[in-house]
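The values are calculated or read from the model by the stated rules, or taken from the named source; none is laboratory data. Just so it is clear, the structure is predicted and the values come from calculations on it, not from any experiment. All Cβ positions, even for glycine, are placed from backbone atoms using ideal geometry, and neighbour counts span all protein chains on display.
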Amino acid sequence: MNEENPYAPPSADGDGDLARQKEALREIVLGWEKLRLIYNVILLVPGLLVLTLWTNRHGMPWAAAVASAVFVGIGANIAYLLGPLTELYFRGLFRNGESIGRGRWLIFGGGLVVSSGVFLLALVGGLV
């Protein structure tokens, strides 16, 4: 409690807690942005396979294929935001802001499997 103002909330004791929270948020954002590059590169390969399959086998025009690819890429990156959001909530609710260690890789891997599954469904749909 703040001795100068007994009615001040506990968070008003100093800027140390606020600085720690900012640093934790910065660490989450920077960590996930590095993983975003890996995510996009990994999903680029099945994405190009699906694009090639749909244009060659089903006669989809290239303009429509590129437009679809842009929308799918935007959608995949919006879905990717569930990863950092999950970590933010997990750290805030269960870890008092402390790092979750390898939990970030577990969240990332789970999201990557789900996203890859969506591409796999599109690939199988193109084969039928």
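Data overview
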read-out: When residues of the stretch 57-79 are limited to those that are touching a residue at least 12 places away in the same chain (Cβ under 8 Å) and touching a Ser or Thr at 6+ places or on another chain (Cβ under 8 Å), the one surrounded by the fewest Cβ atoms within 10 Å (Cβ to Cβ); value: A79
read-out: Which numbered condition R57 fails, given (1) of a type in the set (D, E, K, R); (2) at pLDDT below 90; (3) farther than 26 Å from A122 by Cα; value: (3)
read-out: Looking only at the stretch 86-114, and only at residues there that are farther than 18 Å from I38 by Cβ and in a helix (DSSP H, G or I), the one that is nearest to the chain's Cα centre (by Cα); value: L88
read-out: Checklist (1) surrounded by 15 or more Cβ atoms within 10 Å (Cβ to Cβ); (2) on the phi > 0 side of the Ramachandran plot applied to I107, failing item; value: (2)
read-out: Selection from the stretch 92-104 of residues that are among the small types (G, A, S) and exposed (fewer than 12 other Cβ atoms within 10 Å of the Cβ); value: G101
read-out: Lone unmet requirement of (1) touching a helix residue (DSSP H, G or I) at 6+ places or on another chain (Cβ under 6 Å); (2) of a type outside the set (S, T, N, Q); (3) within 23 Å of E23 (Cβ to Cβ) for G111; value: (3)
read-out: Residue among G59, G31, G75 that is in a loop (DSSP other than H, G, I, E, B) and either over 18 Å from F119 (Cβ atoms) or under 14 Å from the mean Cα position of the chain (by Cα) (or both); value: G59
read-out: Lone qualifier among V118, V113, V124 - being among the β-branched types (V, I, T) and either in contact with a Leu (Cβ under 6 Å, 6 or more places away or on another chain) or under 27 Å from A24 (Cα atoms) (or both); value: V113
read-out: Failed condition for L53, given (1) within 24 Å of E27 (Cα to Cα); (2) crowded, with 16+ Cβ neighbours inside 10 Å; (3) among the hydrophobic types (A, V, I, L, M, F, W, C); value: (1)
